[in-house]
Amino acid sequence: MAADPSSRSLLPAARAAAPRPPGPLREFWASFSANRGALLGLIVFTLVVLAAVFAPWLAPHDPTEQFRDALLSPPAWQGGDPRFLLGTDDVGRDMLSRLLHGARLSMAIGLAAVLMSMIPGIVLGLACAFWPRVFGSLVLRLMDVMLALPSLLLAIAVVAVLGSGLANTVLAIAFVSLPSYVRLVRASALAELGRDYVVASRLAGAGPLRLMFDTVLPNCLAPVIVTATMGFSDAILSAAALGFLGLGAQPPLPEWGTMLASARDYIERANWVVTLPGLAILVTVLAINLMGDGLRDALDPRLKRLS
């Protein structure tokens, strides 16, 4: 029996009208935006990044300029000098300008520390998975020794050896963050090595480097991205802790931890010089952690929320 010509003409129209499955980016955004905390964290983090990028234009004064006629001036809403919206510190420097430039320093420290720990961690983790007997065992024992020590204590030891300063702070934070990336990438790569697509690539003649970076690594990036996001907030906290101890960025650099250290003697009679840098650290780290939770839920299929 011949098919109805009218029914055949309706087939292309029905296929065109059928809904297309969402792409990976749209699916990721739908899962991420379903987490309101993560969306709020992304908004706050974006504002902090914009403030850091445009700090030279947003800051009303130079962050190191001293106004001797306005020492410890309270914020403008507390009856202080209207030139200084958030008040001044103990040597007359504008708090708003120093907070904006401090955001630039904190973002730079966090980004540099994450990159300097993530890239070697990925390479070492993949190498440990592909050559586990001698090289992998040696690297893992070294990582175990580093993990046995508190991260802040190890960072202090590294800075004590290298000397205080902004560059050495970044190196110390990157050094203490390295074991988490090595162990994570190694575990993810070991889980992928037995899969069919890796075996097929190996049988097709792919070399170790191609297997590592072209075949296995793309399937290990989701947990690495989440860890890097959380490591970003840890780097900001560690930099602030080292700055507070006098081992990180040195005055007059407007780093948030250094600002806290120089203001601790005025916590009772000029609480804004302590409260404002502390709030900047708290809000930034909280926003990054909320964003990291959303990334974890969106990138890990086992943790995605059911709509």
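The values are calculated or read from the model by the stated rules, or taken from the named source; none is laboratory data. None of the values given here were measured: they were computed from a predicted structure. All Cβ positions, glycine included, derive from the backbone under ideal geometry; neighbour counts span all protein chains shown.
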Which residue out of Leu279, Leu209 is surrounded by fewer than 19 Cβ atoms within 10 Å (Cβ to Cβ), among the aliphatic types (A, V, I, L, M), modelled with pLDDT under 90 and not in a loop (DSSP other than H, G, I, E, B)?
Leu209
Taking the stretch 65-76 and keeping residues within 15 Å of Asn271 (Cα to Cα) and surrounded by fewer than 16 Cβ atoms within 10 Å (Cβ to Cβ) leaves Leu71, Ala76
Condition (residue is assigned to a helix (DSSP H, G or I) and under 25 Å from Thr64 (Cα atoms)) applied to the stretch 112-131: is it met by at least one residue?
yes
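Would it be correct to say that Val216 is of a type in the set (A, V, I, L, M), in contact with an Asp or Glu (Cβ under 6 Å, 6 or more places away or on another chain) and either buried (at least 17 other Cβ atoms within 10 Å of the Cβ) or not in a helix (DSSP H, G or I) (or both)? Reasoning before the result, please.
Details: of a type in the set (A, V, I, L, M): yes; in contact with an Asp or Glu (Cβ under 6 Å, 6 or more places away or on another chain): yes; either buried (at least 17 other Cβ atoms within 10 Å of the Cβ) or not in a helix (DSSP H, G or I) (or both): yes.
So Val216 passes the test.
Yes/no matrix, rows are residues, columns are (1) closer than 13 Å to Ser106 by Cα; (2) surrounded by 22 or more Cβ atoms within 10 Å (Cβ to Cβ); (3) touching a Gly at 6+ places or on another chain (Cβ under 7 Å):
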| site | (1), (2), (3) |
| --- | --- |
| Ile236 | yes, yes, yes |
| Ala241 | yes, no, yes |
| Gly246 | no, no, no |
| Pro251 | no, no, no |
| Arg269 | no, no, no |
Residue that is farthest from Pro251 (Cα to Cα), among those in the stretch 77-90 that are surrounded by fewer than 18 Cβ atoms within 10 Å (Cβ to Cβ) and under 33 Å from the mean Cα position of the chain (by Cα):
Leu85
